[in-house]
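Notes to accompany the following structure.
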Amino acid sequence: MGATAIQLATGAGVKVVSVASKHNLEKLKGLGATAAFDYKDPKVAQDIIAALEGTEFAGVCDAIGTPDAAAAWAPVYEKLGGRYGSV
């Protein structure tokens, strides 16, 4: 789901910033993500916000769908606005 979302969004001209485990970050970039961050990094939300500030932020597409994932994304959409969607 996440890989397809990245490809569809980048195909539509959207700047995509994503998260994954450290060993999958380059795969996300290969799918079209502009930037990819390790979700275990304690400052991941701040890094994502910095990468997206000044852009027209559409929102978060959460392909994991757990309460922990929603909590991890909350600082991003609370700071930048946009919508939050989850599977």
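The values are calculated or read from the model by the stated rules, or taken from the named source; none is laboratory data. No experiment lies behind these values; they were computed from the predicted model shown. Positions of Cβ are backbone-derived with ideal geometry, glycine not excepted, and every protein chain shown enters the neighbour counts. Remember, those area values only see protein heavy atoms, side chains included, never the ligands or the DNA or RNA. Shrake-Rupley method; radii C 1.70, N 1.55, O 1.52, S 1.80 Å.
Points to keep in mind about this one:
- Some residue of the range 57-66 being in a loop (DSSP other than H, G, I, E, B), open to solvent by 70 Å² or more (accessible area, probe 1.4 Å) and at pLDDT below 95: yes
- Taken together, Ala36, Ala3, Ala51 contain a single residue that is out of contact with any Gly (no Cβ under 6 Å at 6 or more places or on another chain) and part of a strand (DSSP E or B), which is Ala36.
Residue-wise test of (1) open to solvent by less than 30 Å² (accessible area, probe 1.4 Å); (2) out of contact with any strand residue (DSSP E or B) (no Cβ under 6 Å at 6 or more places or on another chain).
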residue: His23; (1), (2): no, yes
residue: Lys27; (1), (2): no, yes
residue: Asp38; (1), (2): no, yes
residue: Val44; (1), (2): yes, no
residue: Ala74; (1), (2): yes, yes
residue: Glu78; (1), (2): no, yes
residue: Arg83; (1), (2): no, no
residue: Ser86; (1), (2): no, no
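- Pairs meeting the criteria (first residue in the range 1-27 and more than 16 Å from Val76 (Cβ to Cβ), second residue acidic (Asp, Glu), beta carbons under 6 Å, at least 6 apart or on different chains) are Lys22/Asp38.
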